[in-house]
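Beneath this line is the structure, given in structure tokens, with notes to follow.
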Amino acid sequence: MEEWIDQAKASPFPAYHEVAKTLENWIAPILQYFLTSLYKRSNRRNKVKNIK
């Protein structure tokens with residue numbers, strides 16, 4: 001992700017600069033959301049397996 005952000009910053013297109021800045025500001029919360037979701041799904045699967 002960091003590599004893409006660097007490439008976007010080096011791009012001649014201003015829209016890419018804005019996206020790169022947004023990703024830099026929000027990368028931690030976005031990753032935390034997905035990691036938390038994966039953890040919760042994993043726990044659900046384990047509970048279902050235990051019930052069976």
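The values are calculated or read from the model by the stated rules, or taken from the named source; none is laboratory data. If you're wondering where the values come from, they're calculated on a predicted model, not measured in any experiment. Methodologically, a virtual Cβ is constructed for each residue, glycine included, from the backbone with ideal geometry; neighbour enumeration extends over all protein chains shown.
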key: In the stretch 7-19, the residues that are without any contact (Cβ under 8 Å) to a residue 12 or more places away in the chain, of a type outside the set (Ser, Thr, Tyr) and over 18 Å from ILE30 (Cα atoms)   = GLN7, LYS9, ALA10, PRO12, PHE13, PRO14, ALA15, HIS17
ask   = How about the stretch 1-19: which of its residues are assigned to a helix (DSSP H, G or I) and not aliphatic (A, V, I, L, M)?
value = GLU2, GLU3, TRP4, ASP6, GLN7, LYS9, PRO14, TYR16, HIS17, GLU18
message = Consider the stretch 26-52. How many of its residues are in contact with a Leu (Cβ under 9 Å, 6 or more places away or on another chain) and at pLDDT below 70?
response = 0
